[in-house]
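Novice: If you scroll down you'll find the structure; I have some questions about it.
The values are calculated or read from the model by the stated rules, or taken from the named source; none is laboratory data. None of these values were measured; they are calculated from a predicted model. FYI the Cβ positions are ideal-geometry reconstructions off the backbone, even for glycines, and counts take in every protein chain you see.
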Amino acid sequence: MDEILKTCLYDRHVQLSAKMEPFAGYWMPISYSGIIEEHQAVRNHSGMFDVSHMGEIRITGKDAIPFVEFITTNEINSKPFGKVIYGLFLYDNGTCVDDLLVYKVASDELFLVVNASNVAKDYTWIVEHTEGFEVLVKNESDDWSEVAVQGPETEKIVMEMMQIDLTDLTFYTFKNVIWNGHKLLISRTGYTGEDGFEIYGDAIAIPEVWDLLLSSGKILPCGLGCRDTLRFEASLPLYGHEISDQILPIEAGLGSFVKMEKPDFIGKKALLAQKTAGLVHKLVGIELTERAIPRQGYEVYSGDQMIGHVTTGYLSISTDKCIANALIATKYAIIGDQILVLIRKKMVPGVIRNRQYYKKNYKQ
């Protein structure tokens with residue numbers, strides 16, 4: 001059995017009495033003071049997450065941009081340097097290898113941030129597709145640590161504590177800074193639906209950032225538990241739930257990040273064929289009319305016909321509603337229609353709704 005790794009903040013999590021569990025090969029904090037309190041801190045004030053387990057892959061060389069255009073679904077070429085672009089890697093059949101962020105550093109350099117559980121798979125898949133392109137692919141995941149600081153009060157607190165001007169960063173942009181002698185990459189990105197920053201540095205810099213920001217007394221340490229409740233309310237997908245190697249991005253409502261007008265990208269032919277034939281499944285929102293929690297994998301029914309399954313479900317902390325994402329047969333994906341979710345051998349009634357559970361509060 002492989003040894004479970006520790007991030008550079010592991011000892012700090014233990015000192016704060018965090019509930020620790022293995023995740024993506026690392027010991028990670030699930031919660032400190034409790035998922036509800038941490039969730040509400042991010043929605044109303046500011047919270048900080050250790051996300052050092054995420055993967056970082058750098059693409060360099062004269063063909064860096066055309067190569068990443070070919071292996072991802074979104075459009076890179078027209079975006080300015082300093083921009084972050086969300087996209088997906090697809091298999092030839094159009095299903096998802098992973099979703100990722102592309103940091104456009106220079107004409108010959110792109111920095112990719114991928115999901116922690118998929119780093120090895122993604123790196124291998126990228127390298128397998130380099131033939132014909134003059135690029136160098138380097139897995140830098142072991143060189144980087146990262147914290148995400150999220151919430152409406154974050155900008156003010158971070159600038160005050162770190163003495164860095166971040167007002168020039170708009171949504172999905174980044175810059176490199178020198179702070180206390182350390183090289184940091186700071187982006188106005190996150191995974192919560194709130195304004196905030198993701199701060200990348202080495203294993204010496206990030207503990208200093210963590211300690212300083214927590215010393216403000218205005219930022220709550222947060223675990224992966226509320227990271228999931230927050231991203232779900234904001235309709236942000238999670239690999240293995242809303243996207244996977246069994247799900248097309250256009251089924252998952254991510255069509256705006258799939259630029260079919262691009263000359264070519266891996267998976268494009270399959271997506272065109274599927275759009276022509278008609279989508280078999282569609283991701284919808286569900287709101288239950290009784291108090292019950294619709295967990296991932298629970299079956300969804302129309303009458304006595306099983307039509308799909310839940311991908312993520314919670315009693316929403318922000319709305320106090322029992323809601324879920326569900327991948328169901330397209331012909332049943334009609335807003336307002338009645339459905340049933342099988343929860344612990346009981347059919348619980350609900351209604352199909354949009355997935356706008358919570359209004360995102362990004363700074364544009």
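Novice: Only one of these is within 24 Å of Leu88 (Cβ to Cβ) and surrounded by 17 or more Cβ atoms within 10 Å (Cβ to Cβ): Leu185, Leu213. Name it.
Specialist: Working: Leu213 fails: within 24 Å of Leu88 (Cβ to Cβ).
From the options Leu185, Leu213, the qualifying one is Leu185.
Novice: Just to verify a result, which residue in the range 10-51, among those that are more than 17 Å from Gly217 (Cβ to Cβ) and of a type in the set (Ser, Thr, Tyr), is surrounded by the fewest Cβ atoms within 10 Å (Cβ to Cβ)?
Specialist: Ser17
Novice: What do you reckon, is Phe70 farther than 21 Å from His13 by Cβ, modelled with pLDDT of 95 or more and part of a helix (DSSP H, G or I)? Walk me through it before giving the result.
Specialist: Values: farther than 21 Å from His13 by Cβ: yes; modelled with pLDDT of 95 or more: yes; part of a helix (DSSP H, G or I): yes.
When the stated conditions are applied, Phe70 passes them.
Novice: Could you list, ordered by first residue, the pairs with Cβ atoms under 6 Å in which the first is in the range 154-173 and without any contact (Cβ under 8 Å) to a residue 60 or more places away in the chain and the second is among the charged types (D, E, K, R) and assigned to a loop (DSSP other than H, G, I, E, B), at least 6 apart or interchain?
Specialist: Leu169/Arg188
Novice: Quick one: is Leu220 in contact with a helix residue (DSSP H, G or I) (Cβ under 6 Å, 6 or more places away or on another chain), in contact (Cβ under 8 Å) with a residue 60 or more places away in the chain and closer than 26 Å to Val105 by Cβ?
Specialist: no
Novice: Got a sec? Which of Asn354, Asn361 is closer than 30 Å to Thr154 by Cβ, loosely packed, with under 13 Cβ neighbours inside 10 Å and touching a strand residue (DSSP E or B) at 6+ places or on another chain (Cβ under 6 Å)?
Specialist: Of Asn354, Asn361, the one residue that is closer than 30 Å to Thr154 by Cβ, loosely packed, with under 13 Cβ neighbours inside 10 Å and touching a strand residue (DSSP E or B) at 6+ places or on another chain (Cβ under 6 Å) is Asn354.
Novice: Give the range 170-193 a look and list any residue that's farther than 17 Å from Met48 by Cβ, polar (S, T, N, Q) and in a loop (DSSP other than H, G, I, E, B), or say none.
Specialist: Listed by number, the residues that qualify are Thr170, Asn180.
Novice: Then there's this: I'd like to know if the range 270-287 contains one or more residues that are touching a strand residue (DSSP E or B) at 6+ places or on another chain (Cβ under 6 Å) and part of a loop (DSSP other than H, G, I, E, B).
Specialist: The answer is no, given that none of the residues of the range 270-287 is touching a strand residue (DSSP E or B) at 6+ places or on another chain (Cβ under 6 Å) and part of a loop (DSSP other than H, G, I, E, B).
Novice: Only one of (1) without any contact (Cβ under 8 Å) to a residue 60 or more places away in the chain; (2) closer than 24 Å to Ala41 by Cα is not met by Gly151, so which one is it?
Specialist: Answer for Gly151: the failing condition is (1).
Novice: Further question: Do any strands (runs of 3 or more DSSP E) lying entirely in the range 76-144 carry at least 3 residues that are farther than 20 Å from Tyr200 by Cα, free of Cβ contacts under 8 Å to residues at least 24 places away in the same chain and assigned by TED's automatic domain parsing to the domain that holds Asp202, and which ones are they?
Specialist: On the way: elements: 84-90, 96-106, 109-114, 136-139.
Result: empty, no element qualifies.
Novice: Take the range 309-342 and flag every residue that is part of a strand (DSSP E or B) and either free of Cβ contacts under 8 Å to residues at least 12 places away in the same chain or over 25 Å from Leu230 (Cβ atoms) (or both).
Specialist: Within the range 309-342, Ala329, Gln338, Ile339, Leu340, Leu342 qualify.
Novice: Further, regarding this structure: Considering only residues that are more than 21 Å from the chain's Cα centre (by Cα) and among the aliphatic types (A, V, I, L, M), look in the range 270-285 and name the one that is surrounded by the most Cβ atoms within 10 Å (Cβ to Cβ).
Specialist: Residue satisfying both the conditions and the ranking: Leu271.
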